[in-house]
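Nothing in this text is a laboratory measurement; each read-out follows from the coordinates by a stated rule. What you see is a predicted model; the values in this text were computed from it and never measured. Glycine gets a Cβ as well: all are built from the backbone with ideal geometry, and neighbour counts include every protein chain shown.
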Amino acid sequence: MGVEREAKMEATSQTEVTGSRVLDETVEIPAPSHKPRQTSKKMPRAIRGVLIECDPSIKSIIVNIDSDNHDFIIEDLDEERVVVKENMVPLLKQKLEDRLKENLPPVDESGSDA
């Protein structure tokens, strides 16, 4: 038994590679590939969104603004809720304000009814 142990220890000490012991010299390890793995399935992409709750009339204007290029709306949820792209909120606000100025009569800020 002592002779067998010495033979095994001698064999493993001769096949040490970069601090690791290789127990079987016939095992071949393929060179690492530097190419990323290609899979047939694509990972889902996440888009940051903002939930906007508003009156149905305002939502219809938002949908109308989005209908040109579909740049704003991620998901149309119901009559009063829509999810829009987070980075597009300032531009959407500006376009919505412009539309409201076009469609609404000017407000008298003097405070008188006459």
Could you tell me which residue out of Pro90, Ser60, Ile73 lies farthest along the dipole of the range 49-103 toward its positive end? Charges go on the beta carbon: Lys and Arg +1, Asp and Glu -1, centred on the Cα centre.
Pro90
Name the lysines eligible as straight-distance cross-link partners of Lys42: C-alpha to C-alpha under 27 Å, and not fewer than 8 places from it in the same chain.
Lys85
Length gain on complete extension for the stretch Glu80 to Leu100, per 0.36 nm per residue less the alpha carbon to alpha carbon distance?
5.4 nm
How would you classify the range 49-103 from its alpha-carbon gyration tensor, with a ≥ b ≥ c the square roots of the eigenvalues: rounded for a/c under 1.5, else prolate if a/b is greater than b/c, otherwise oblate?
oblate
Residue exposure sequence - Lys59, Lys41 - by fewest surrounding Cβ within 10 Å
Lys41, Lys59
